[in-house]
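The values are calculated or read from the model by the stated rules, or taken from the named source; none is laboratory data. What you see is a predicted model, and the numbers here were worked out from it, not measured in a lab. FYI the Cβ positions are ideal-geometry reconstructions off the backbone, even for glycines, and counts take in every protein chain you see. Please note that ligands, DNA and RNA were not included when accessible areas were found on the heavy atoms of the full protein model with its side chains. Shrake-Rupley method; radii C 1.70, N 1.55, O 1.52, S 1.80 Å.
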Amino acid sequence: MFIKHILLTVLFVYYTTTTRIGGVAGKSVSDLDDLKYSGAADEANTFILLGITGDLSRKKLMPTLFTLYKEELLPKGIQIVGFGHSKTTVPDLRKQVDPYVHLKDERERQLYDEFWKIVQYFSGDSTKSADYKQVVDALAKIESGKPVANRLIYFALPPNLFADTARALKETVESKTGWTRMVIEKPFGKDSESSDVLSKVLSSLFREDQIYRIDHYLGKEMVQNLLALRFGNRLLEPQWNNRHVANIEVLFKEPFGTQGRGDYFEQYGIIRDVVQNHLLQVLALVTMERPESSDADKIRNEKLYLLQHMKTLVVDDVVLGQYVRNPNGVGEANTSYTDDPKVPKNSTAATYSLVVLHVDNDRWRGVPMFIRSGKATDESRVEIRVQYKPVDEDLFGGQSRPDQTVIRIQPNEAVYQRLNIKRPGMGNDLIQTELDLTYATRFYTAELPDAYEVLLLDVFAGRQTNFVRTDELAEAWRVFTPALHQIDQQKQAPVKYVFGSQSFKEADDLEIKYGLKRDNY
Ligand code: BG6
């Protein structure tokens with residue numbers, strides 16, 4: 001009887017403290033129906049993948065398209081038209097994609113065979129309208145007899161081809177009877193000027209509602225969760241302002257180096273790679289005002305307003321680092337950034353940065369915001385850390401430590417609240433502990449969706465919330481361009497840090513100068 005009682009109690013606690021999420025990729029079936037683009041039965045839908053032979057397509061886009069196909073989340077009858085420079089064939093393309101697709105069982109193997117039957121390939125130069133002749137013919141066949149033809153065109157191309165490709169497409173591939181949407185991958189320029197040139201070309205050819213600038217961080221579960229956490233609860237929002245918050249840190253660490261991308265890093269460096277885009281977008285969602293509604297443009301208006309109030313970054317608020325080999329490291333960890341043959345030995349490109357940003361509005365004036373990002377560090381971790389001010393009157397002889405709200409974006413998604421409590425037992429000492437919402441233990445069946453899956457569904461459905469609008473992008477470059485130009489011109493040697501470091505003193509010191517109380521993390 002006693003044992004039965006204990007068992008029932010354990011089961012009760014288990015079921016009331018964990019939540020099941022069924023269905024695909026962590027969404028319930030009804031959610032998926034809402035997310036999916038169904039369209040009318042007699043519509044033709046084509047996914048035109050420019051640069052299908054490249055790395056991004058092979059490793060990410062084709063496997064993602066297969067996942068969506070397998071889960072029946074793509075529009076019915078969808079066709080994929082690939083376009084690339086090299087003269088290859090669909091079976092050869094498939095061989096390139098195979099290593100990145102994991103087939104669980106016989107059913108998936110059959111579906112994978114079926115999937116490749118909807119793929120066609122044509123070669124040519126994406127910037128020449130004449131080279132799209134075969135694509136246009138293929139589209140005519142696919143769309144024959146359908147009154148509406150929708151075309152999603154994905155630019156998995158080097159950025160120097162974007163403008164000319166957009167011009168060539170306008171003349172040839174834009175649909176006359178349905179929507180045409182263009183998905184563009186970063187980098188969107190290197191500074192304000194180059195980004196504006198590209199934006200002007202795109203805007204002269206296509207409307208804003210046709211342009212989808214993808215920032216895959218906006219498709220991550222915990223980034224999408226920010227709106228719910230902030231505006232779906234009463235708890236956090238009244239505290240998130242300069243009366244209560246001491247500082248905010250967006251932290252990004254990766255345990256690997258530039259992995260052969262030295263030539264790209266020489267041109268872009270870590271600030272242009274992840275800070276000016278992914279991490280700034282995250283910070284904007286953490287700090288923007290409440291949007292009037294969840295409408296895409298209302299949300300993007302608030303991000304824009306926030307960025308407009310962000311002060312231009314100054315170089316005194318920047319610390320840069322470059323990794324050097326760890327003599328005890330294995331493989332890449334035993335190499336320096338400058339060991340990449342495409343990198344000059346005296347390179348000043350940064351693989352690590354700490355920048356301090358300031359928002360000059362009533363809510364955030366006086367609250368430093370840190371974005372710390374590093375390759376070749378000790379671990380993989382992306383987090384938002386909101387550190388609160390100390391209590392006004394400390395009853396506990398200085399024992400209370402700053403509270404913190406931490407939202408871990410990856411890996412091991414979590415939200416936790418660091419709080420001071422009385423040490424359990426006799427006495428009144430304080431200790432700091434956590435209210436912990438770790439997704440893996442709470443949502444035990446959840447398989448969180450991949451960012452690209454979420455974002456591709458958004459493009460089909462015409463949801464632009466998670467894509468960067470032209471004016472937002474211009475503001476993001478306005479914040480970073482002067483400091484980046486100064487850094488590019490001065491070519492000062494970045495601080496050298498050893499591959500696998502948690503951090504380094506110069507970066508820590510700047511945060512401490514701005515009042516961050518460092519805990520052990
Ligand atoms: C890319 C950067 O945009 O984002 C890479 O070019 C970086 O350098 C990557 O590694 C990080 O994305 P994720 O989703 O792996 O955190």
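Applying the criterion of being surrounded by 21 or more Cβ atoms within 10 Å (Cβ to Cβ) and of a type in the set (F, W, Y) to the residues of the stretch 238-272, the residue that is modelled with the highest pLDDT is F252.
Evaluating E174 against the criteria (1) touching a Ser or Thr at 6+ places or on another chain (Cβ under 6 Å); (2) within 16 Å of the ligand (Cβ to nearest atom); (3) farther than 25 Å from L251 by Cβ leaves one unmet condition, (2). In a residue-by-residue description of the stretch 221-237, the property of being within 15 Å of the ligand (Cβ to nearest atom), among the basic types (K, R), open to solvent by less than 40 Å² (accessible area, probe 1.4 Å) and not in a loop (DSSP other than H, G, I, E, B) applies to no position.
When L430, L448 are checked against the criterion of being of a type in the set (A, V, I, L, M, F, W, C) and more than 16 Å from the ligand (Cβ to nearest atom), L430 stands alone in meeting it.
Out of contact with any Gly (no Cβ under 7 Å at 6 or more places or on another chain) and within 22 Å of I512 (Cα to Cα): is that true of V356 in this structure? Yes, satisfied. One residue stands out among those in the stretch 283-326 that are small (G, A, S) and crowded, with 19+ Cβ neighbours inside 10 Å: the one that is farthest from E506 (Cα to Cα), which is A284. Only one entry in D191, D125 is among the charged types (D, E, K, R), away from the ligand (no atom under 16 Å from the Cβ) and in contact with a Phe, Trp or Tyr (Cβ under 7 Å, 6 or more places away or on another chain), namely D191.
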